[in-house]
1. Being open to solvent by 70 Å² or more (accessible area, probe 1.4 Å), touching a helix residue (DSSP H, G or I) at 6+ places or on another chain (Cβ under 6 Å) and on the phi < 0 side of the Ramachandran plot: is that true of Leu99 here?
2. Using beta carbons and a limit of 9 Å, which pairs, at least six apart or on different chains, have the first residue in region 12-29 and surrounded by 15 or more Cβ atoms within 10 Å (Cβ to Cβ) and in a helix (DSSP H, G or I) and the second one among the β-branched types (Val, Ile, Thr) and at pLDDT below 75?
3. Determine the pairs where a residue that is over 14 Å from Asn140 (Cβ atoms), located within region 151-167, has a partner that is at pLDDT 95 or above and not in a helix (DSSP H, G or I) with Cβ atoms under 9 Å apart, the partner being 6 or more residues away or on another chain.
4. Just for region 141-161: of the residues that are at pLDDT 75 or above and out of contact with any Leu (no Cβ under 8 Å at 6 or more places or on another chain), which one is least open to solvent (accessible area, probe 1.4 Å)?
5. Would you mention how many residues in region 106-121 are within 24 Å of Leu159 (Cβ to Cβ) and open to solvent by 20 Å² or more (accessible area, probe 1.4 Å)?
6. Exactly one condition in (1) in a helix (DSSP H, G or I); (2) touching a residue at least 40 places away in the same chain (Cβ under 8 Å) is not met by Gly89; state its number.
7. Consider Phe45 against the criteria (1) open to solvent by 50 Å² or more (accessible area, probe 1.4 Å); (2) touching a residue at least 40 places away in the same chain (Cβ under 8 Å); (3) not acidic (Asp, Glu): it satisfies all of them except one. Which criterion is unmet?
8. Please list, ordered by first then second residue, the pairs with beta carbon atoms under 7 Å, 6 or more apart or interchain, first in region 114-139 and in a loop (DSSP other than H, G, I, E, B), second open to solvent by 40 Å² or more (accessible area, probe 1.4 Å).
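The values are calculated or read from the model by the stated rules, or taken from the named source; none is laboratory data. Just so it is clear, the model here is predicted, and its values are computed rather than measured. Every residue, glycine among them, receives a Cβ derived from its backbone with ideal geometry; neighbour counts consider all protein chains shown. Please note that ligands, DNA and RNA were not included when accessible areas were found on the heavy atoms of the full protein model with its side chains. Shrake-Rupley method; radii C 1.70, N 1.55, O 1.52, S 1.80 Å.
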Amino acid sequence: VFAPAGDSLEVLVAVLNTSFWLATHVLCITIGYGVSILAAVIAHFALLRPDAKLDGLLHKVLVTALFFTAFGTMLGGIWADQSWGRFWGWDPKENGALLIVIWIAWVLHGKYGGYLRGVTYRVAAAYLNVIVALAWFGVNLLNVGLHSYGFTGEMAAGLLAFCAFETGLLALALFQTKKGESAA
């Protein structure tokens, strides 16, 4: 019903032969992921030592991370459109990149709207570490899509441990803050 009659699969063009898109997309998205991790690390420091300067730096780094991840994701879509005739294919790696963009946009929107303040804002920004880890490494564990690179033998346990540790640590930070607020 949804597919045309006959074989609908076409041979994919080797996209790595286009060095312009390889350089721009991969460089942009890698910078975006790296700056996202930097923002999460700054958020961790801001949780340990709340400081207006650190919060200001965190905000600037989050905006930079949003720019590079959004721009890199769009460049990847343009590359895919020119190579394969489709801008978006719902590949897990594409979805992971979009998840990072959405998470950062949500954190910034929450800050601008006044819904995420203080520790809650820092925890949401610090959780970006987990989002990036899942988008960068976790989707490879699915072993599907054009961006599945393999090399996942021992990665699942380490990724799960990292995500569980970060989630527990940040939940504890939120719990301690809420406990302190209710005691005051």
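1. Values: open to solvent by 70 Å² or more (accessible area, probe 1.4 Å): yes; touching a helix residue (DSSP H, G or I) at 6+ places or on another chain (Cβ under 6 Å): yes; on the phi < 0 side of the Ramachandran plot: yes.
Considered against the rule, which asks whether it is open to solvent by 70 Å² or more (accessible area, probe 1.4 Å), touching a helix residue (DSSP H, G or I) at 6+ places or on another chain (Cβ under 6 Å) and on the phi < 0 side of the Ramachandran plot, Leu99 comes out as yes.
2. Trp21/Val15
3. Glu166/Tyr127; Thr167/Tyr127
4. Applying the first criterion (at pLDDT 75 or above) to region 141-161 yields 141, 155-161.
If we keep only those that are out of contact with any Leu (no Cβ under 8 Å at 6 or more places or on another chain) too, we end up with 157-158, 160-161.
Working: Ala157: 74, Gly158: 43, Leu160: 123, Ala161: 60 Å².
Only one residue tops the list, namely Gly158.
5. So the answer is 1.
6. Unmet for Gly89, out of (1) in a helix (DSSP H, G or I); (2) touching a residue at least 40 places away in the same chain (Cβ under 8 Å): (1).
7. The number of the failed condition is (2).
8. Sorted first by the residue in region 114-139, then by its partner, the pairs are Phe137/Met155.
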